[in-house]
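**Student:** Can you read through this structure? Questions will come right after.
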Amino acid sequence: MKINLKGKNALITGSSEGIGFDIAKTLQDNGCKIVINGKNQSKLNIAKKRLHNCVAIRGDVSKYNEANLVIKKFNKYFEKLDILVCNVGSGKAKKKIPDIKEWHQSFDINFWSTVNIINSSKKILIKSNSSIICISSICGLENVKGAPIPYSVAKSALNSFVVNQSKFFGNFKVRINAIAPGNIMFNGSTWSKKMKKSPSNTKKYINKNVALKILGKTSDISNMTLYLASDEAKYITGSIFKIDGGQLKSW
């Protein structure tokens, strides 16, 4: 997909690898100036080398103070923020029966990371007819067998946040939407590890549960992000876009 984003600035949280990195590359390939973010400096350095003329800002946006610092540093480079992609998230579970610590950790990573960065950047977002895209999960839409409960509930809260915040941001011509990916394959992902551990069982699961009987790619998510970030989607806000190969039954 080719869309002209020349003259636009974007910040992508959690973008040193995986889906976030592919989103950053896709936006950049379409003319956007990008700022990548992550909490691991060495991974950020590698990602920056792979992308040309980008800015890298280290910071753990699941912590409100650090999210504020990320935006302050962003403001040193750019006067406006046209595209904000909230990609930080993790569905990893340490225990089958989560304790309260794991509940808090899951909400920090999968919910507060988004709320923090949006709240910290609210003033600069309102300056432009900005687009906010939050990377959620199909686990926040329906009960997905085997998905960690804290992760699913946190993503469900994120989806509700997007829908409700669209009313507020609409007053300033700022759009906010979410993408709910299904099973996405990339190096280091949960599905990459499952495929290495048991290719036959993984393929059986996909064939049984996914209508298209394939795993998704990062480009499936980055291309939708590109569209939602562009003026082509100027009448879309408060929506959750399911990209799962037909796994869920919800409309």
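**Student:** Once you place label points 7 Å from the Cα toward the Cβ at Y235 and S90, how far apart are they in nm?
**Tutor:** Placing both labels 7 Å along Cα→Cβ, they lie 4.2 nm apart.
**Student:** Would you mind getting me the FRET efficiency between K173 and N53? Use the beta-carbon distance for r and R0 = 30 Å, nearest 0.05. Present the calculation step by step, with values, prior to reporting the outcome.
**Tutor:** On the way: r = 29 Å, r/R0 = 0.95.
The pair K173/N53 has a calculated efficiency of 0.55.
**Student:** Another question, if that's okay. Specify the residue with the greatest mean-square fluctuation among K193, K92, K145, computed from a Gaussian network of the chain linking alpha-carbon atoms under 10 Å apart.
**Tutor:** K145
**Student:** Treating cross-link reach as a plain straight distance, find the aspartates and glutamates whose alpha-carbon is under 16 Å from the alpha-carbon of K249, omitting any fewer than eight places away in the same chain.
**Tutor:** In chain and number order, the partners are E142.
**Student:** What is the calculated FRET efficiency for D29 to N129, with r their C-beta to C-beta distance and R₀ = 25 Å, to the nearest 0.05? Could you put the intermediate results ahead of the total?
**Tutor:** Values: r = 22 Å, r/R0 = 0.89.
After rounding to 0.05, the efficiency reads 0.65.
**Student:** Could you pull out every residue, at least 5 positions away or on a different chain, whose amide H is within less than 5 Å of the one on K217? Hs are placed 1.01 Å off N in the peptide plane, and Pro or chain starts have none.
**Tutor:** Here M185 satisfy the definition.
**Student:** While we're here: Short version: ³J(HN,Hα) in whole Hz for each residue of segment 229-243, in order, from phi by Karplus 6.51 cos²θ - 1.76 cosθ + 1.60 (θ = phi - 60°), x for Gly and Pro, what are they?
**Tutor:** Calculated HN-Hα couplings, in order: 6, 8, 5, 4, 10, 5, 10, 10, 7, x, 10, 10, 9, 7, 10 Hz.
**Student:** Just the number: Rg to Rh for segment 154-195, Cα atoms, Kirkwood Rh, two decimals. Mind showing how you got there, number by number?
**Tutor:** Values: Rg = 15.2 Å, Rh = 12.5 Å.
The Rg/Rh ratio comes out at 1.22.
**Student:** So how do 169-182, 131-144 stack up, highest first, on mean other-Cβ count within 10 Å? Can you show the working numbers first?
**Tutor:** Values: 169-182: 20.4, 131-144: 22.9.
In decreasing order of mean packing, 169-182, 131-144 become 131-144, 169-182.
**Student:** Still on this structure: For the chain, modelled as a GNM with alpha-carbon contacts under 10 angstrom, which of I240, I124, I36 fluctuates the most?
**Tutor:** Of I240, I124, I36, the Gaussian network model singles out I124 as fluctuating most.
**Student:** Cα-Cα pairs above 18 Å in segment 22-119: how many percent?
**Tutor:** Values: 2452 of 4753 pairs.
Here the long-distance tail beyond 18 Å is 52 percent of all Cα pairs in segment 22-119.
**Student:** On to the next question. Mind giving me the nanometre distance, one decimal, between the label points for K196 and K217, set 7 Å out from Cα along Cα→Cβ?
**Tutor:** Here the answer is 2.1 nm between the modelled labels.
**Student:** Moving on. Tell me, what % of the accessible area of segment 173-251 is carbon and sulfur with a 1.4 angstrom probe? Intermediate results must be reported in sequence, preceding the final value.
**Tutor:** On the way: 2560 of 4640 Å².
Of all accessible area on segment 173-251, carbon and sulfur atoms account for 55 percent.
**Student:** Here are some pairs, K2/K217; K72/K94; K72/K234; which of them have Cα atoms lying more than 24 Å apart in this structure? Don't skip to the answer; put the middle values down first.
**Tutor:** Numbers: K2/K217 18 Å; K72/K94 34 Å; K72/K234 28 Å.
Flagged as over cut-off: K72/K94; K72/K234.
**Student:** Return the carbon/sulfur percentage of the accessible area of segment 83-163, one whole number, probe 1.4 Å, all protein chains in place.
**Tutor:** Values: 2230 of 3820 Å².
Answer for segment 83-163: carbon and sulfur cover 58 percent of the accessible area.
**Student:** Right, something else. Using a cut-off of under 16 Å, list every residue of segment 71-112 whose amide N is near the label point 7 Å from the Cα of I149 along the Cα-to-beta-carbon line.
**Tutor:** 93-107
**Student:** Taking only Cα atoms of segment 101-239, what ratio of Rg to Rh do you get with Rh as the Kirkwood inverse-distance radius?
**Tutor:** Numbers: Rg = 16.6 Å, Rh = 16.4 Å.
On the Cα set of segment 101-239, Rg over Rh gives 1.01.
**Student:** Over all directions, what mean area does the Cα convex hull of segment 130-200 project, stated in square nanometres?
**Tutor:** Details: hull surface 23.0 nm².
That works out to 5.8 nm², a quarter of the Cα hull's surface.
**Student:** Could you list log10 I(q)/I(0) for the chain at q = 0.08, 0.13 Å⁻¹, which the Debye formula gives when each Cα is one point scatterer?
**Tutor:** Values returned for q = 0.08, 0.13 Å⁻¹ are -0.28, -0.78.
**Student:** Related question: For C32, enumerate residues with amide H under 5 Å from its amide H, sequence gap 5+ or separate chain, H modeled in the peptide plane.
**Tutor:** L5
The values are calculated or read from the model by the stated rules, or taken from the named source; none is laboratory data. The structure displayed is predicted, hence computed values, not measured ones. No Cβ is skipped: glycine too gets one built from the backbone with ideal geometry, and neighbour counts run over all protein chains shown. What goes into the accessible areas is simple: the full protein's heavy atoms, side chains included, and nothing from ligands, DNA or RNA. Shrake-Rupley method; radii C 1.70, N 1.55, O 1.52, S 1.80 Å.
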